[in-house]
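Every number in this text was worked out from the coordinates using simple rules, so none of it is lab data. Fair warning: this is a prediction, and the values are worked out from it, not measured in the lab. Note that each Cβ is placed from the backbone with ideal geometry, even for glycine, and that neighbours are counted across all protein chains shown.
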Amino acid sequence: MNFSWDVIWASVPQLLQGAELTAYITLLGIGGGMVIGTLSGLALAFQVPLLRWVLFVYVSVIRGTPIVVQAMFIYFAVPMIALGFGTQLTFSAFTAASVCLALNAGAYITEIIRGAVLSVNRGLIDAALALGLSRRQVLADVVGPIAFRRSVPPLGNQFIISLKDSALFIVIGVGELAQQGDRLVAETGRAIEVWTTVGVIYLAMTFTLAMIMKLIEKRMRIL
Amino acid sequence: MSMIECRQMTKRFGDHTVLDRIDLTVDAGEVVVIVGASGSGKSTFLRCVNMLERIDEGDLLVDGKSVRQRSTNVRTLRLEAGMVFQQFNLFPHMTARQNVMLGPRKARGYSRAKAGEIADRLLERVGLVDRAGYFPDALSGGQQQRVAIARALAINPKLMMFDEPTSALDPELRGEVLEVMRGLAEEGMTMLIVTHEVHFALEAATRLLFMDDAHIVHDGDPREMFENPPSERFRDFLRHVRE
Ligand SMILES: Nc1ncnc2c1ncn2[C@@H]1O[C@H](COP(=O)(O)OP(=O)(O)O)[C@@H](O)[C@H]1O
Ligand SMILES: [Mg+2]
């Protein structure tokens, strides 16, 4: 076995380009996922009538299917379905990946937010209502802040999972980090060097994300 | 005008009647202690006054406003009564001072400065100025309950309700809470207090209610009732509490 540092240095620029794409997809994915998940989680916690069932189906479908299948479906099947309805729908693999990750993370974040809201002690809500606060104020000043703090650790966990899941978009050819690694190995045949480097870059990204979440946790007093 | 007036007030949970056609009038300045076995409806009664529970039949007037009248604003009615809970229920993400400021700020719409003044005055009164910046988890149970009393007083209610305020406290921490309550009673605050503290009832209460199975079965002077228990049931209850 020969291990070449030169191969590593030579592959770094291309891999970093892939890492940049991974970062964008992840940021869009968890950003979109937070919007979807927060709204859906609140809707579930407060049992908004019709929406409950829609969201139940959404969460069940996402949790019950592999993300690879979700990506394939969005990138290849959705445009064909659109065509069937007489609409030309074209989007890039990058768009498909970001939307897919947002929808995927959104489902898990829905559950995190719902759980965090429901974990807020009923007695605190009674105390706030007894002070004469409106329902909106109770949500904004008591339930919201407590639930948000409690959801930070599981959210951090989900963000890291989403970052790593973005590697699966290799199946739709976005050109993110994992795919750049795959291409380099095909060109050079140096699997050990390239996959080690890819792994180290992922590790650096997940570690950074974990540190950011830890910092937020520290500053916020988890309750 | 009476502070609280119940007319045939009835509350059910499903087909379980928890308050059965209660008639009661409490005037301003009265300090009413409510006792009774667990499950007799004491907490539910207090919660109805604050509209945390909806009554099913009859009527309940708080300072002349009916909880059943559509024109009665729930939030306005809740500002009439401060409530103190067995489990304190302080907001864990706020300091003691912020806890006390929340009602004045949000429910009364006062400025931050004015709410802060109110909080400082009330924390002083419950003997906790030096703990103003502490979060609830850094306070003892007795201190937390005193902050909770200050928080309830901060909306300037005409009536204060206490639901077993010392039951969750170690015996040595009860005195400081009862002391604050005694002070309120002496100043003429109208109070409804669910408690099993016999001493407090004897010293501070002007009236004692005994609840049993959804009814107020006795209503009288605390000293007389303790000295001359009006029923076997009440005698049993007293024996039970004193143990
Ligand atoms: N939210 C509720 N739903 C159903 N039953 C309840 C509820 N709250 C209280 N109860 C029932 O009402 C009865 C009276 O309860 P409560 O007022 O808490 O009694 P107390 O405070 O005297 O112990 C009990 O039998 C209790 O189980
Ligand atoms: Mg009770």
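The condition (being within 13 Å of ligand 1 (Cβ to nearest atom) and either surrounded by fewer than 18 Cβ atoms within 10 Å (Cβ to Cβ) or without any contact (Cβ under 8 Å) to a residue 60 or more places away in the chain (or both)) is satisfied by just one residue among B:A37, B:A96: B:A37. For A:A116, the conditions (1) part of a helix (DSSP H, G or I); (2) touching a residue at least 24 places away in the same chain (Cβ under 8 Å); (3) more than 14 Å from every other protein chain (Cβ to nearest Cβ) are fulfilled apart from (3).
Take B:L173 and tell me if it is more than 13 Å from ligand 1 (Cβ to nearest atom), within 19 Å of B:L238 (Cβ to Cβ) and either of a type outside the set (F, W, Y) or in contact with a Phe, Trp or Tyr (Cβ under 6 Å, 6 or more places away or on another chain) (or both). Spelling it out, it is not the case that B:L173 is more than 13 Å from ligand 1 (Cβ to nearest atom), within 19 Å of B:L238 (Cβ to Cβ) and either of a type outside the set (F, W, Y) or in contact with a Phe, Trp or Tyr (Cβ under 6 Å, 6 or more places away or on another chain) (or both). Is it the case that region B:63-77 has a residue that's more than 13 Å from ligand 2 (Cβ to nearest atom), assigned to a helix (DSSP H, G or I), within 14 Å of chain A (Cβ to nearest Cβ) and under 20 Å from B:H215 (Cβ atoms)? The answer is no; no qualifying residue exists. Scan region A:190-204 and give yes if some residue there is basic (K, R), assigned to a helix (DSSP H, G or I) and either crowded, with 17+ Cβ neighbours inside 10 Å or away from chain B (no Cβ under 14 Å) (or both), otherwise no. For region A:190-204, residues basic (K, R), assigned to a helix (DSSP H, G or I) and either crowded, with 17+ Cβ neighbours inside 10 Å or away from chain B (no Cβ under 14 Å) (or both): absent.
Regarding region A:216-223, can at least one residue be identified that is more than 22 Å from A:P13 (Cα to Cα), part of a helix (DSSP H, G or I), charged (D, E, K, R) and in contact (Cβ under 8 Å) with a residue 40 or more places away in the chain? Show your work before the answer.
First, the residues of region A:216-223 that are more than 22 Å from A:P13 (Cα to Cα): A:216-223.
With part of a helix (DSSP H, G or I) added as a condition, the list becomes A:216-220.
Now drop any that are not charged (D, E, K, R), which leaves A:217-219.
Of the ones still in play, those that are also in contact (Cβ under 8 Å) with a residue 40 or more places away in the chain are A:217.
Yes, region A:216-223 has at least one match.
Only one entry of B:L238, B:L209 meets the criterion of being buried (at least 21 other Cβ atoms within 10 Å of the Cβ), closer than 30 Å to B:F13 by Cα and either of a type in the set (A, V, I, L, M) or in contact with a helix residue (DSSP H, G or I) (Cβ under 7 Å, 6 or more places away or on another chain) (or both), and that entry is B:L209. Looking for something in contact (Cβ under 8 Å) with a residue 40 or more places away in the chain and within 19 Å of B:A185 (Cα to Cα) - is there at least one such residue anywhere in region B:64-77? There is no residue in region B:64-77 that is in contact (Cβ under 8 Å) with a residue 40 or more places away in the chain and within 19 Å of B:A185 (Cα to Cα).
Could you tell me whether B:D137 is farther than 19 Å from A:L131 by Cα and either away from every other protein chain (no Cβ under 11 Å) or among the small types (G, A, S) (or both)? No, not satisfied.
Where in region A:1-95 are the helices (runs of 4 or more DSSP H), entirely inside, with at least 3 residues that are within 30 Å of A:E187 (Cβ to Cβ)?
Working: elements: A:5-45, A:49-64, A:67-72, A:78-84.
Answer list for region A:1-95: A:5-45, A:67-72.
Residues in region B:129-154 that are crowded, with 23+ Cβ neighbours inside 10 Å and among the aliphatic types (A, V, I, L, M): B:V147, B:A148, B:I149, B:A150, B:A152, B:A154.
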